[in-house]
Amino acid sequence: MDLAYGPVPSRRLGRSLGINDIPPKTCTYACIYCQLGPTTATGTERQEFYDPEAIESAVEERVAAVREADESIDYLSIVPDGEPTLDANLGETIDRIRRFGIDVAVITNGSLIDRPDVRADLSKADYVSVKVDAGRAETWREIDRPHGALSFTAITRGLRTFAESFEGTLTTETMLVDGVNDGADDLRATADLVGEVDPDVAYVAIPTRPPAEEWVEPASETAVGMAYRLFEEQVDDVEYLIGAEPDDFASTGDVEADILGVTAVHPMRESGLRDLLDRADADWSVIEDLLASGELIEREFGDERFFMRPITTVEE
């Protein structure tokens, strides 16, 4: 598994070099819409997974390759195959990668944010994005499917505490799924919670990549519009995350390594793959070979084809 990958185009973070500090699908949640598929290892205890020095070295190597290829990096983003705050070495990793002079972002589901040690680690980042999919415990359990040891009350209390002291950029992201958390009462409750957090930006999102559960569909335009209006009553800046990200994935010259690194944690649209292949002077036969070897799989969502690495391949 690649400890550093990309950069990938991010609708929030520009060109984001990803850092993978968690083994595949090790998470506190089993969200119905997860783009990486079903959670395979669940728990709530923080552990040491990878040596922070090894992560630092992987980032150093990747940053050098990206700069050598004259590509840009806007953020070093800790956005792994699972929940990053399960990593007991998260704070040390952030301290180590600061030497590269690039802002550090952490994308978390916030499930362990009631813990003081987790808040202390997250406070080291420049940018923290926290999932807020529901304002009611019953809906939270339905959409995020949390580990049984987790408490909605404790999480929301911890989130408010973190928001009060965090000096960087704090954003929330609410993923709206048709028939699950997009009803009027749920949207009002979620907007109220987001208002209490008072993030710099509140993002309203819908699934745009193949979800863990095949029955999952994006919320309707009406529901998304209602969410935007309700959120706008609570916070100053509300933005949509409802379209596809740009296709300008970074190329370092090793196109197969670039593709496998990104697709381990970020399913790629066919258009993005073709663009990357063109810029690397490669053709579609690269993808055909990866599909034939089982290193890539193909999935459809909406009217588009996506390509990703199967979890079993990543773990080997």
Inset, instruction - Evaluate the following for residue 210: is it at pLDDT below 95 and surrounded by 16 or more Cβ atoms within 10 Å (Cβ to Cβ)? - result: yes
Legend entry - Failed item in (1) surrounded by fewer than 21 Cβ atoms within 10 Å (Cβ to Cβ); (2) part of a strand (DSSP E or B), with residue 17 passing the rest: (1)
Inset, instruction - Would you point out which residue out of 70, 74 is under 20 Å from the mean Cα position of the chain (by Cα) and either on the phi < 0 side of the Ramachandran plot or without any contact (Cβ under 8 Å) to a residue 60 or more places away in the chain (or both)? - result: 74
Inset, instruction - Specify the residue that is farthest from the chain's Cα centre (by Cα); the eligible residues are those in region 213-243 that are in contact (Cβ under 8 Å) with a residue 12 or more places away in the chain and open to solvent by 60 Å² or more (accessible area, probe 1.4 Å). - result: 233
Legend entry - residue 198, sole failed condition from (1) without any contact (Cβ under 8 Å) to a residue 24 or more places away in the chain; (2) on the phi > 0 side of the Ramachandran plot; (3) of a type outside the set (S, T, N, Q): (1)
Inset, instruction - Evaluate the following for residue 157: is it closer than 18 Å to residue 83 by Cβ and of a type in the set (Lys, Arg)? - result: no
Inset, instruction - Filter region 24-41 down to residues that are buried (at least 19 other Cβ atoms within 10 Å of the Cβ) and farther than 22 Å from residue 298 by Cα and give me whichever is modelled with the lowest pLDDT. - result: 26
Legend entry - From 157, 136, 145, residue being more than 20 Å from residue 181 (Cβ to Cβ) and either under 22 Å from the mean Cα position of the chain (by Cα) or open to solvent by 30 Å² or more (accessible area, probe 1.4 Å) (or both): 157
Inset, instruction - Kindly indicate the residue of region 250-301 that is within 23 Å of the chain's Cα centre (by Cα) and over 23 Å from residue 16 (Cα atoms) and also modelled with the lowest pLDDT among those meeting that condition. - result: 301
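The values are calculated or read from the model by the stated rules, or taken from the named source; none is laboratory data. These numbers come from a predicted model, not from an experiment. All Cβ positions, even for glycine, are placed from backbone atoms using ideal geometry, and neighbour counts span all protein chains on display. Areas reflect the complete protein model, heavy atoms only, side chains present, ligands, DNA and RNA absent. Shrake-Rupley method; radii C 1.70, N 1.55, O 1.52, S 1.80 Å.
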